[in-house]
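Let me begin by presenting the structure, written as structure tokens, before commenting on it.
The values are calculated or read from the model by the stated rules, or taken from the named source; none is laboratory data. Because the structure is a prediction, the values reported are computed rather than measured. Glycine gets a Cβ as well: all are built from the backbone with ideal geometry, and neighbour counts include every protein chain shown.
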Amino acid sequence: MGQNNVVFLEILEWFDKTGQEIVQRIPADGSGEIKLGAQMIVRENQAGVFFYNGKAIHVFGAGRHTLKTANIPILNKLLSIPWGMTSPLRAEAYFINMKVFPDLTWGTRDPVAFKDNELGLIRLRAFGMFNIRVIQPLLFINSLSGTMANFTTTDIEAYLGRVIVSRFNDYMGDNLDTILNLPGRYETWAKGLQKSLADEFSRFGLGLTDLYITSITPPQEVQKLMDDRSALGLFDDMNKLMQLKAAAAMEKAAENPGTAGQGMGMGLGFMVPSMVSRMMQPQTGGPEPEETRQKCPDCKQMVPHDARFCPFCGHQIIVFAQCVSCSKNLSPSARFCPKCGTRVEKQKTAKFCQACGTENLINSNYCNNCSERL
């Protein structure tokens, strides 16, 4: 009640109906004539950013807040006659969803080449999940969502997945010795990969709360070679391995209507060792509780998520933009970083492989296509 009218004051609030919306702008069709005394109601899992005359005025935490503009009911319309009854004092409010957005997926579109110490050059595909949350509302708006009426996880999932894949390729290139040792390393690699991605996500005002590797799969022919090698380790000589293969062939041949019972019994006999092995594997735990605080970029102390300044060192927490080299907070009009001198306007965003010409992220160490070091 009270939005887009002449007399009444506005009440600005927002509810996420889909569970996937990160940012919502009010009014959704553009800027508005938000009046003096309008009320913005922000929930506990939200943050509100108020823009007036094209500039961000304030970032609001949970609660009811009174907005201050020069738009006065009725009188505002009389004064805006030279502009066609439209006030030039434009304002808009952005609501940012601060909750954790879970179950986002990442994965390689095509197999990526890696150098295996035992199998030589081999192509692998990897898939996983990750969870994100907004930790810097104003920086997120300025760097990603912009002036869009609403911004959802669908708009950002593909890009973040590409960033994860690029960093995963670098991490695999530095840590992979042979795919025969892959089992048992998923959790360790996921934690290491999450740490290397923390700075990458923070440049957009995002936090990577969790990252999981669900599978790293080689081609089918390599999987068969690994199965044969595992089977060979169970026997003393090649003759016993050949006996195992002969028994497996007999089992497959026995799968016919005449000897269905015998074939089923033999198949059950081969399934029992695998079932026992799965039961003996340890179960992984669930995700850790959500972190409700953020880290100060300067002194690294933990501060409340809605703090505007660090209570320990006084550093400004609300960020308009950050230097890509040293992560120093930048003013909207800065052309050079005041800390390291990096030029803000002409920063490289991609790195091209000299071998195959594929475009990679600027901080990549290995090519996503041919696995050559950049």
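Filtering 92, 118 for residues that are farther than 30 Å from residue 215 by Cβ and of a type in the set (Asp, Glu) leaves a single hit, 92. Do we have residue 35 as outside the structural domain of residue 150 (by TED's automatic domain parsing), farther than 23 Å from residue 205 by Cβ and in contact with a helix residue (DSSP H, G or I) (Cβ under 8 Å, 6 or more places away or on another chain) here? For residue 35, the condition - outside the structural domain of residue 150 (by TED's automatic domain parsing), farther than 23 Å from residue 205 by Cβ and in contact with a helix residue (DSSP H, G or I) (Cβ under 8 Å, 6 or more places away or on another chain) - is met.
Residue count for segment 173-204 satisfying the condition of being among the hydrophobic types (A, V, I, L, M, F, W, C), more than 30 Å from residue 319 (Cα to Cα) and out of contact with any Phe, Trp or Tyr (no Cβ under 6 Å at 6 or more places or on another chain): 4. Residue 173 fulfils the conditions (1) within 11 Å of the chain's Cα centre (by Cα); (2) buried (at least 16 other Cβ atoms within 10 Å of the Cβ) except for a single criterion, (1). Could you give every pair whose Cβ atoms fall below 8 Å, whose first residue belongs to segment 173-188 and is within 23 Å of residue 221 (Cβ to Cβ), and whose second residue is surrounded by fewer than 16 Cβ atoms within 10 Å (Cβ to Cβ) and among the acidic types (Asp, Glu), counting only separations of at least 6 or pairs across chains? Correct list of pairs: 178/118; 180/118. If you go through segment 121-143 and keep only what is of a type in the set (A, V, I, L, M) and buried (at least 19 other Cβ atoms within 10 Å of the Cβ), you end up with 122, 124, 126, 132, 134, 135, 138, 139, 141.
Residue 22 meets the conditions (1) at pLDDT 90 or above; (2) in a loop (DSSP other than H, G, I, E, B) in every case but one. The failed one is (2). Residue 93: in the same structural domain as residue 61 (by TED's automatic domain parsing) and under 30 Å from residue 316 (Cβ atoms), yes or no? Yes. Counting only strands (runs of 3 or more DSSP E) that fall entirely inside segment 93-199 and contain at least 3 residues that are modelled with pLDDT under 90 and either farther than 30 Å from residue 17 by Cβ or acidic (Asp, Glu) (or both), the qualifying elements are 112-116, 120-134.
Yes or no, residue by residue, for (1) assigned by TED's automatic domain parsing to the domain that holds residue 131; (2) within 32 Å of the chain's Cα centre (by Cα); (3) of a type in the set (A, V, I, L, M):
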| position | (1), (2), (3) |
| --- | --- |
| 54 | no, yes, no |
| 61 | no, yes, no |
| 67 | no, no, yes |
| 71 | no, no, no |
| 78 | no, no, yes |
| 84 | no, no, no |
| 107 | yes, yes, no |
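Beta carbons closer than 6 Å, at least 6 apart along the sequence or on distinct chains, pair a first residue in segment 6-34 that is of a type in the set (Asp, Glu) with a second that is part of a loop (DSSP other than H, G, I, E, B) for 10/2; 10/3; 10/34; 10/38; 33/71; 33/87.
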